[in-house]
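Any read-out appearing in this document is the output of simple, stated calculations on the displayed coordinates, not a laboratory observation. All of these numbers come straight from a predicted model, not from anything done at the bench. When we count neighbours, we look across all protein chains shown, and the Cβ atoms used for this are built from the backbone with ideal geometry, even at glycine.
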């Protein structure tokens, strides 16, 4: 479901601004909104936060801890890059991923720490898809269910929050329908490691629309996507509100413009799908049964 936030009534004449955000710029926006949402701030001071591995979550870690992660792609496990679904086998550059009452838990194992989750605690996870109903979808290649398979059954019944920042770049017509046609054993051929698209209907989803509302109080409308020469995957938005709020929103746009694109991880399992004959099962086996 989409994260709900109240937008103030406009004071005076409304104006609008057009913003085109490239993928890295959107991730910076989403990360900042995630770090500032009330549930995260409360869990930071009073409870627990676990940040799953992921590229968007590398941006979230930067915003929460006021640090710089140079190789954000190394913060993820699964990745889509160079036209294939792949996996990173290198260690994450940032190991700060569990916070208890404002303090980082050093050398934490999230599989253990999550067992202490209670109402109001927060798990932050990225996604590969989101639909107009606010249902996010997450790629899972692991036979064991991946991060979401570990976390979701604990987070949901305990009344904790699963917060998913995901760009409208990843908008699809229906996550539930698409999910029916995926799976690690579903595909005969594959450009990369085969995956299941797992719907997560109870998550709180933050897209660019919710991010601008949270941070600046404007209404954002998704008006288009895509481009060339570095703007592939860009999200185009109309930002509307009174002059003060739109000025604030556009100041934020100008601040995040120029965010450098994310590169490749240092250690990938597949060098190409072609070397495995595009055989889905053969590429799945490169995970070694994980």
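Would you list 30, 115 from fewest to most Cβ contacts within 10 Å?
The fewest-first ordering by Cβ neighbours comes to 115, 30.
Given only helices, namely DSSP H runs of n ≥ 4 each adding -39500 (n - 2.57), what is the per-residue ellipticity at 222 nm of the chain, to the nearest 500 deg cm²/dmol?
The helix contribution divided over the chain gives -8000 deg cm²/dmol.
Which whole-number percent gives the relative contact order of region 1-93, counting Cα pairs below 8 Å spaced six or more residues apart?
Reported as a whole number, the value is 19 percent.
Which whole-number percent gives the relative contact order of region 91-137, counting Cα pairs below 8 Å spaced six or more residues apart?
Taking the mean separation of contacting Cα pairs over the length of region 91-137, I get 20 percent.
Once label points are set 7 Å from the Cα along Cα→Cβ at both residue 7 and residue 274, what is their separation, rounded to one decimal in nm?
So the label points at residue 7 and residue 274 sit 4.7 nm apart.
Which ordering of 76, 56, 95 is given by a fewest-first count of other beta-carbon atoms within 10 Å?
Ranking 76, 56, 95 by Cβ neighbours within 10 Å, fewest first, gives 95, 76, 56.
What is the fewest-to-most order of 266, 25, 259 by other Cβ atoms lying within 10 Å of their Cβ?
266, 259, 25
Could you give the length gained on full extension between residue 14 and residue 96, defined as 0.36 nm per residue of separation minus the Cα-Cα distance, in nm?
Separation in residues times 0.36 nm, less the Cα-Cα distance, equals 25.3 nm.
Report the antiparallel proportion of the DSSP beta bridges in the chain as a percent, rounded to a multiple of 5.
Rounded to the nearest five, the antiparallel share is 70 percent.
Using only Cα atoms, locate the centre of region 236-290 and the centre of region 1-45, then give the distance between them in Å, rounded to an integer.
Distance between centres, Cα-based: 19 Å.
Using Cα-only point scatterers and the Debye equation, what is log10 of I(q)/I(0) for the chain at each q in 0.14 Å⁻¹, rounded to two decimals?
-1.06
Compute the length gained on full extension between residue 281 and residue 107: take 0.36 nm times their separation in residues and subtract their Cα-Cα distance, giving the result in nm to one decimal.
Here the answer is 59.2 nm.
Going 7 Å from the Cα of residue 68 along its beta-carbon direction, which residues of region 248-290 have the amide nitrogen within less than 13 Å of the resulting point?
Counting backbone N atoms under 13 Å from the label point, the list is 260.
Using alpha-carbon pairs under 8 Å, 6+ residues apart, how would you state the relative contact order of the chain in percent?
That works out to 28 percent.
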